[in-house]
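Before any comments, here is the structure.
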Amino acid sequence: MQSSLSLSLTIPRPNHAALARDSPFAKISHSTKPINLRFCGLRREALGFSSPILTRRVHLHSSRATQLVSASLSNNGSAPKSFDYDLLIIGAGVGGHGAALHAVEKGLKTAIVEGDVVGGTCVNRGCVPSKALLAVSGRMRELQNEHHLKALGLQVSAAGYDRQGVADHANNLASKIRNNLTNSMKAIGVDILTGFGSVLGPQKVKVGSDKVVTAKNIIIATGSVPFVPKGIEVDGKTVITSDHALKLESVPDWIAIVGSGYIGLEFSDVYTALGSEVTFIEALDQLMPGFDPEIGKLAQRVLINPRKIDYHTGVFATKITPAKDGKPVIIELIDAKTKEPKDTLEVDAALIATGRAPFTQGLGLENINVATQRGFVPVDERMRVIDADGKLVPHLYCIGDANGKMMLAHAASAQGISVVEQVTGRDHVLNHLSIPAACFTHPEISMVGLTEPQAREKAEKEGFEVSIAKTSFKANTKALAENEGEGIAKDIKLAVHAHPTLSEVLDELFKSAKVKAHVSSPVSEPVAV
Ligand SMILES: Cc1cc2nc3c(=O)[nH]c(=O)nc-3n(C[C@H](O)[C@H](O)[C@H](O)COP(=O)(O)OP(=O)(O)OC[C@H]3O[C@@H](n4cnc5c(N)ncnc54)[C@H](O)[C@@H]3O)c2cc1C
């Protein structure tokens, strides 16, 4: 069909070495109104449960619902009159996969386009292999902690590890989950189209070099790649990103981790447990700047200080040169405020954990008048793509890391499910403030909603009161039985389940109950004020 359309743009599978240079730090704006809720916790079992604490809900204006329905029914301009699919998804990461399964469940004829391997970042280069490494570091840490073992009455001789064995564990787990994902889609009839996908026009996508596919609705779910600031030369051996680190090809004696967000922090847990010395380099004035300050301080006391992790805050790494000819990795630091040279570090390796950049290159968005913003695809609160003139593009959605609303796996799938709900006729707005984030260090950190300062700032502007409830794990019997009483929790109610956590089985249970009883999921309600 339409084989006369031959676009010469051929792009190989996403090249994760060719990193986007735009800042990945999207300014996230939530369309929903303030929520005086928050939860932050630091403890061994990260948020398996989570909470919206959304207390207010709006009934959507019927005019918006009408707009939505008419958008999905209209067939504008050069759009085809009949379609190969009801839904076509570009990108088979967790976002695309979640959308595909839900779409079939809803009776949509669905295809998913993948230019690399099924599973995307989460399965192949993110959540899954990193959690496999963290499972190892958690056990190593327990075995190394004589004080902890003694408190439990245990005696264990020195703990050691086999690097290749650990690397194989992570790699094998990724393969297993990748196969599961592929099989789950094939089993229910999702067509997996192999090749790089690009948008040719409304409701029309090119796959690979010459295949053209049409669909009533299209979801862009192309994910992200590691962001590497200018001046940093990644060689994949001594200057690495998370893509390389997860392969665990070496365990350096001394590694600098540039960026102390959740990815950097999780790797510090792995490397210190395996025997590396770690130095953090952080541009802001405190480590873990994204966390609630109280949780940040507690994390510093529990995760940083006892592990003798060194750190430089308020500095930028302007130049990092890989190790070569017997010389170490050289890191040049400047003061983040004055821009004056501050220090030079010589280390065995450097891990660049400065965030993620959307992978939206070569998508053909210019064919439909869509301009990315710092690489992210602009969307409204329903994940509908907005064009360069500020208008909604009918039938086109973008979910997951590529839209930058919340760069987490469970957020990507929740967005995918939300879009499918919409294209099957149910208006739907996801409340991102009710989606938790977790950092799987030992102990773990999890959070949902606003931090305390954010809530206070909002309260001052918008005239409501913030109430803080706080409790400690010190009085929790299970925590004390585990000798893991360090940690606190602040105010919490439940909503989306963080990925990967054991409590996701509850989510699955809920979803299967929904199929039978048509109960709506807590995240799938239109939410606002
Ligand atoms: C080290 C690390 C650890 C992480 N740990 C967690 C965690 O514990 N929990 C959590 O929630 N999140 C975690 N994340 C984040 C999580 O991996 C991402 O938020 C999630 O993978 C985003 O899903 P996605 O579907 O948007 O994109 P991706 O998973 O990146 O999938 C995008 C897919 O699209 C394909 N693609 C791209 N462009 C095209 C194209 N034009 N045509 C065809 N195919 C294309 C890609 O090959 C890829 O398969 C982690 C990330 C990293 C890096």
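Results, tabulated for the structure shown:
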quantity	calculated
Spin-label pair Arg456/Gln286, simplified geometry with 7 Å Cα→Cβ offset, distance in nm	1.0 nm
Per residue accessible area in Å² of region 239-354, where ligands, DNA and RNA are left out and the probe is 1.4 Å	43 Å²
Column: log10 I(q)/I(0), Debye, Cα scatterers of region 170-222, q = 0.15, 0.21, 0.23 Å⁻¹	-0.56, -0.88, -0.95
Contour minus Cα-Cα distance for Arg426 and Asp335 (0.36 nm per residue)	27.6 nm
Sites Ser82 and Ala187, calculated FRET efficiency, Cβ-Cβ separation with R0 35 Å, nearest 0.05	0.80
Accessible-area composition of region 239-354, carbon plus sulfur, in percent [1.4 Å probe]	52 percent
Projected label distance in nm at Ala469 and Asp343, using a 7 Å step from Cα toward the beta-carbon	4.2 nm
Residues whose placed amide H lies under 5 Å from that of Ile435, excluding near-sequence neighbours	Gly449
Three semi-axes of the equivalent ellipsoid, region 239-354, Cα gyration tensor, whole Å, largest first	21, 19, 11
Lysine pair count for region 239-354 [Cα-Cα under 24 Å; pairs on different chains or 8 or more apart]	11
Inter-probe distance in nm under a simple model that places probes 7 Å from Cα toward Cβ, at Asn180 and Thr318	4.8 nm
Note, ³J(HN,Hα) from phi for region 291-299, Karplus 6.51, -1.76, 1.60, rounded to Hz, x at Gly and Pro	8, 4, x, 5, 5, x, 5, 5, 4
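The values are calculated or read from the model by the stated rules, or taken from the named source; none is laboratory data. Being a predicted model, the structure only gives us computed values, none of them experimental. For neighbour counting, all protein chains shown are included, and Cβ atoms are generated from backbone atoms with ideal geometry for every residue, glycine included. In case anyone asks, the SASA skips ligands and DNA or RNA and just uses the protein heavy atoms, side chains included. Shrake-Rupley method; radii C 1.70, N 1.55, O 1.52, S 1.80 Å.
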